[in-house]
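The values are calculated or read from the model by the stated rules, or taken from the named source; none is laboratory data. Predicted model only: the values in this text are computed from it and were never measured. With ideal geometry, Cβ positions are generated from the backbone for all residues, glycine too; neighbour counts draw on all protein chains shown. For accessibility, only protein heavy atoms count, side chains too; no ligands or nucleic acids. Shrake-Rupley method; radii C 1.70, N 1.55, O 1.52, S 1.80 Å.
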Amino acid sequence: LKFRLAGYPRKHNEGRVEVFYNDEWGTICDDDFTLGNAHVLCRHLGFVAATGWAHSAKYGKGTGRIWLDNVNCAGGEKSIGDCKHRGWGNSDCSHEEDAGVICKDERIPGFKDSNVIEVRKLMARVGSTRIPQNTLGGCLGVGCSGHSPSWCRIPRGQGSRVAGDTSTAIGLAGHGSGLLSPCRLFTERQQLNYRLHSVSCTGTEVHLSMCAFEFYRGNVSAACGTGMPAVVSCLPGPLFTAGSAHKKKQRQQQQGQPRIRLKGGAKVGEGRVEVLRSSEWGTICDDRWNLLSASVVCRELGFGSAKEALTGARMGQGTGPIHLNEVQCQGTEKSLWSCPFRNITQEDCKHTEDAAVRCNIPYMGYENLIRLSGGRSRFEGRVEVAVGAGDGHQPRWGLVCGEGWGTLEAMVACRQLGLGFANHGLQETWYWDASNVTEMVMSGVKCTGHEMSLSHCQHHGASLSCRNTGTRFAAGVICSETASDLLLHAPLVQETAYIEDRPLHMLYCAAEENCLSSSARLANWPYGHRRLLRFSSQIHNHGRADFRPKAGRHSWVWHECH
């Protein structure tokens, strides 16, 4: 059985359920439909569970056969075929009764989808790839024994296409490019355990398990007698280069405005893909969007291969034009602009179909240098940072001075923690006093919002300067996996603006709420008038969460002006 979500309008995790049975796509009738049915169907589709279901062809009427009717699942069945139903093709429904599901936006780890590769989960054929921590060059290990992998070596076979193999390996490890190098140090120190040989990649694969290779069978200790371990040395992208001089040089090389960017993602290396064309930023339609095209985007931006090619505006809807449609990269292109694509027409796509990516990025270990304490959940708490780590010394944990701490700094902290966006940056955290860490170790933190670690932001260094050094004045954050993104419809302001002379006796409320200029206080109330610039406004939320005021409802007050 194959399953898919269809219909319009819908998000990527909801839609009309269609099932492929007996070489034909068909639908499911909503008679006797339950949340248990939705749970089973969502698992078929690669989601962990269902949050709801829809009746009466909410996502539009399907075509073809209605394969199932009166389906009744308990919710724990492995297949929809195991549930009670009237029999395949036996139905008294019309397509006006087609059922739909709303699935929880969380994928089943390792679920095989043509547009998703779960790199971090062990795969049936090979396993994950790792480069030894704190080094850009090292032996390439492949896990090969279930959930507790023993790291073993891939020998360089005579038949391997070295360049392609390396490109795939380093893309998987999160780097854009790399070179092969010898690994004498590891061969001397470790007992080698070979599992694979004759690995042959074209270089466009996004995971080593997609390359051709052979297993060693029998006595693996005697394997690879004439060869040596396969090794990669990775070249970091611009974001991951160590040393400010190198970064400055990279910036100088890239002074021409980039023609591609990622927007709307909470983490480094993820976001909605936007391209610059005719001096205007726009999005890409998700028709035919796949891992090969997504990997070209990731590598062009200095990341590794793509981990996910996301469709259905998973990273929020963009604004402005949709520039490209049906992008079809081979995977070898240096730039997305080198790939074949179709120009967009008005009817083709809407922003609900904006394409996005999640890229593999190098493991930098930044999340080990920060933690939260005292919060009600893992998404909130007082910020604690580790200082003095390295050179064999144990890190010392301390607090961050809350003076000047705001949303930009909180954004960097939440990104470093891997917790998404910042809801609040807090300058006082007396209510989170649950840790024995009391020493301030960082002050004067000032971030632009794009840094990957608080240590990359401006700060006072060893010369601490904090007026209030008590723990209640330590910085804190509240993070969120999703966020709203408000955009003003600027053309409407321009189109509707006009000047009006309004009598003062009609402006008491405006004056009370400080909407008038300061000179209004000197006016002869209620006589005379003020000249106002008036306009209409629309504010659109293109983010992935509802917009809510920072002040809770308990603090709202009734005002007669409203």
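Some points to look at:
- Any hit, segment 497-505, residues being assigned to a helix (DSSP H, G or I), loosely packed, with under 12 Cβ neighbours inside 10 Å and of a type outside the set (A, V, I, L, M, F, W, C): yes
- Residues of segment 64-102 satisfying the condition of being of a type in the set (Ser, Thr, Tyr) and more than 36 Å from the chain's Cα centre (by Cα): Ser91, Ser94
- Note on segment 432-454: residues that are in contact (Cβ under 8 Å) with a residue 24 or more places away in the chain and either under 15 Å from Gly381 (Cβ atoms) or of a type in the set (S, T, N, Q) (or both) total 10.
- Trp289 being in contact with a Lys or Arg (Cβ under 9 Å, 6 or more places away or on another chain) and aromatic (Phe, Trp, Tyr): no
- Subset of segment 261-307 (residues that are without any contact (Cβ under 8 Å) to a residue 40 or more places away in the chain and closer than 19 Å to Asp348 by Cα): Trp281
Yes or no, residue by residue, for (1) small (Gly, Ala, Ser); (2) assigned by the TED database to the domain that holds Lys58; (3) under 21 Å from Ser56 (Cα atoms):
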position	(1), (2), (3)
Gly75	yes, yes, no
Lys78	no, yes, no
Gly81	yes, yes, no
His85	no, yes, yes
Asp92	no, yes, yes
His95	no, yes, yes
Asp98	no, yes, yes
Pro109	no, no, no
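- Residue list for segment 42-59, filter: more than 28 Å from the chain's Cα centre (by Cα) and open to solvent by less than 30 Å² (accessible area, probe 1.4 Å): Ala57
- Number of the exception - Met452 against (1) of a type in the set (A, V, I, L, M, F, W, C); (2) assigned to a loop (DSSP other than H, G, I, E, B); (3) in the same structural domain as Arg415 (by the TED database); (4) farther than 29 Å from Thr319 by Cβ: (4)
- Of the residues making up segment 290-299, those that are among the hydrophobic types (A, V, I, L, M, F, W, C) and open to solvent by 10 Å² or more (accessible area, probe 1.4 Å) number 2.
- Condition met for Glu77 (part of a loop (DSSP other than H, G, I, E, B), of a type in the set (D, E, K, R), open to solvent by 30 Å² or more (accessible area, probe 1.4 Å) and touching a residue at least 24 places away in the same chain (Cβ under 8 Å)): yes
- Arg472 open to solvent by 40 Å² or more (accessible area, probe 1.4 Å), touching a Ser or Thr at 6+ places or on another chain (Cβ under 9 Å) and basic (Lys, Arg): yes
- In the condition set (1) more than 30 Å from Gly264 (Cα to Cα); (2) surrounded by 10 or more Cβ atoms within 10 Å (Cβ to Cβ); (3) in contact with a Leu (Cβ under 8 Å, 6 or more places away or on another chain), His542 is compliant with all but (1).
- Condition check for Cys515: of a type outside the set (Gly, Ala, Ser) and either in a helix (DSSP H, G or I) or open to solvent by 30 Å² or more (accessible area, probe 1.4 Å) (or both): yes
- Residue within segment 33-41 that is more than 20 Å from Gly312 (Cα to Cα), of a type in the set (Phe, Trp, Tyr) and surrounded by fewer than 20 Cβ atoms within 10 Å (Cβ to Cβ) present: no
- Cβ pairs under 7 Å, 6+ apart, first in segment 365-382 and farther than 18 Å from Gly398 by Cβ and modelled with pLDDT of 90 or more, second open to solvent by less than 30 Å² (accessible area, probe 1.4 Å) and assigned to a strand (DSSP E or B): Phe379/Cys479; Phe379/Ser480; Glu380/Val477; Glu380/Cys479
- Candidates are the residues of segment 261-279 that are more than 22 Å from Asn541 (Cβ to Cβ) and either part of a strand (DSSP E or B) or acidic (Asp, Glu) (or both); the one that is least open to solvent (accessible area, probe 1.4 Å) is Val275.
- Here segment 518-539 is the region considered, the condition is being open to solvent by 90 Å² or more (accessible area, probe 1.4 Å) and touching a helix residue (DSSP H, G or I) at 6+ places or on another chain (Cβ under 7 Å), and the residue that is nearest to Gly318 (Cα to Cα) is Phe535.
- Condition broken by Gly406, with the remaining ones in (1) within 11 Å of Gly476 (Cα to Cα); (2) touching a helix residue (DSSP H, G or I) at 6+ places or on another chain (Cβ under 9 Å); (3) not β-branched (Val, Ile, Thr) satisfied: (2)
- Among the residues of segment 394-421, those identified as among the aliphatic types (A, V, I, L, M), within 17 Å of the chain's Cα centre (by Cα) and either assigned by the TED database to the domain that holds Ala266 or open to solvent by 20 Å² or more (accessible area, probe 1.4 Å) (or both) are Met411, Leu417.
- Any chance Gly256 is open to solvent by 20 Å² or more (accessible area, probe 1.4 Å), at pLDDT 80 or above and part of a loop (DSSP other than H, G, I, E, B): no
- Segment 87-102, residues that are of a type in the set (D, E, K, R) and buried (at least 17 other Cβ atoms within 10 Å of the Cβ): Glu97, Asp98
- Looking only at residues of segment 323-364 that are hydrophobic (A, V, I, L, M, F, W, C) and open to solvent by 20 Å² or more (accessible area, probe 1.4 Å), we find that the one that is modelled with the lowest pLDDT is Ile344.
- In segment 81-105, the residues that are among the aromatic types (Phe, Trp, Tyr) reach residues that are open to solvent by less than 40 Å² (accessible area, probe 1.4 Å) with C-beta atoms within less than 6 angstrom, at least six apart or across chains, in these pairs: Trp88/Trp67.
- Test: residue in segment 521-530 that is modelled with pLDDT of 85 or more, polar (S, T, N, Q) and either in a helix (DSSP H, G or I) or not assigned by the TED database to the domain that holds Gly264 (or both): yes
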